[in-house]
Amino acid sequence: MIRLALLRHGHTDWNRAGRIQGRSDIALDDTARSELTAQALPAPWDAADLWSSPLLRAAETAKLVAGRDPQTAPELIEMDWGDWEGLRGIDLKADPKSGFRDIEHWGWDYRPPGGETPAEVWERIAPWLQRLTRDTVAVCHIGIMRMILARAYGWDFEGPAPFRIKRNRLFMVEIHGDALLPQPDPIRLIPKEPQ
């Protein structure tokens, strides 16, 4: 059994503006850097393997909270939102011709124009999960976390999600072969010890 703790990257200017980031390589904003500099991974996660998406916002979050560089995995890059990247979800939702749907109406085969389906994202994440050999922290994106947690909870992107992803918390799953088991109580990051 391997344990995996998932941490969402800190805020960017695009997050605060409600813009869809997807694979756009947007850096953390200064407020996020300041907040993350004051936080750390709690034990025993501070000694776990550390991985992140190669995108700046995830890799920098990992380094700030762990105090070391992560290994990066392209499998952890955010879902490809295709033509919707950089646009605001609220604007897409207001346009009935856009095809935009809230996540509880996606299913595994929902595809943004020119983007990836949740099923395709899962296909690239699953082999990476199987290669893990010890407890691991993965700093990534809300889309990646949704796919892993959806599998762990048996949620099919229909109806309300059985989890709510918040920042500055570790969301854990246990990996038992091909099976994922959710650990329902996220763990908060802790204040960094003064140097």
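The values are calculated or read from the model by the stated rules, or taken from the named source; none is laboratory data. A quick note: this is a predicted structure, and the numbers were derived from the prediction, not measured. Note that each Cβ is placed from the backbone with ideal geometry, even for glycine, and that neighbours are counted across all protein chains shown. Protein only, heavy atoms only, side chains kept; ligands, DNA and RNA dropped before computing areas. Shrake-Rupley method; radii C 1.70, N 1.55, O 1.52, S 1.80 Å.
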When the accessible area of region 90-163 is computed with all protein chains present and a 1.4 Å probe, what percentage of it is carbon and sulfur? 50 percent
Just to verify a number: what accessible area does VAL139 come out at with the full protein assembly present, 1.4 Å probe, Å² rounded to tens? 0 Å²
Residues with amide H under 5 Å of ARG169's amide H, sequence separation 5 or more or different chain, H placed in the peptide plane at 1.01 Å from N; which? ARG8, LEU189
Pop out the Kirkwood hydrodynamic radius of region 125-195 from its pairwise C-alpha distances, inverse of mean 1/r, in Å to one decimal. 13.5 Å
Tell me which trypsin sites (Lys or Arg not before Pro) from region 138-187 have a DSSP coil assignment and no more than 11 other beta carbons within 10 Å of their own. ARG164, LYS166
How much mean residue ellipticity at 222 nm does the chain get from its helices, if each DSSP H run of length 4 or more adds -39500 (n - 2.57) and you divide by all residues, to the nearest 500 deg cm²/dmol? -8000 deg cm²/dmol
Tilt relative to the chain, helix 118-131 - C-alpha long axis, 0 to 90 degrees, to 10: 20 degrees
FRET efficiency, 1/(1 + (r/R0)^6) with R0 30 Å, evaluated for THR37 and GLU104 via beta carbons: 0.30
Magnitude of the Cβ-charge dipole (Lys and Arg +1, Asp and Glu -1) of region 64-135 about the Cα centre, nearest 20 debye, reported as 160 debye
Using modelled backbone amide H atoms (1.01 Å from N, in-plane), which distant-in-sequence or interchain residues come within less than 5 Å of GLN39's amide H? LYS192
Please work out the Kirkwood hydrodynamic radius for the chain, using every pair of different C-alpha atoms, and report it in angstroms with one decimal place. 17.1 Å
What residues qualify as long-range amide H neighbours of SER52, i.e. H under 5 Å apart, gap of 5 or more or another chain, H built at 1.01 Å from N? GLN71, THR72, ALA73, VAL139
Please calculate how many Å² of accessible area region 80-139 carries per residue, with a 1.4 Å probe and no DNA, RNA or ligand atoms counted. 52 Å²
Where a Cα-Cα gap under 16 Å defines reach, which aspartates and glutamates qualify for LYS93, not counting those fewer than 8 residues away within the same chain? ASP83, GLU85, ASP102, GLU104
Any chance you could give the angle, 0 to 90 degrees and rounded to 10, that helix 56-66 forms with the longest Cα principal axis of the chain? 30 degrees
The chain: relative contact order from alpha carbon pairs under 8 Å, six or more residues apart, as a whole percent, is 32 percent
Protection proxy ranking, peptides 4-14, 176-186, average beta carbon neighbours within 10 Å, highest first: 4-14, 176-186
Of the DSSP beta bridges with both residues in region 8-152, give the percent that are antiparallel, rounding to the nearest 5. 20 percent
Keeping every protein chain present and rolling a 1.4 Å probe, give me the accessible area per residue for region 1-74 in Å². 43 Å²
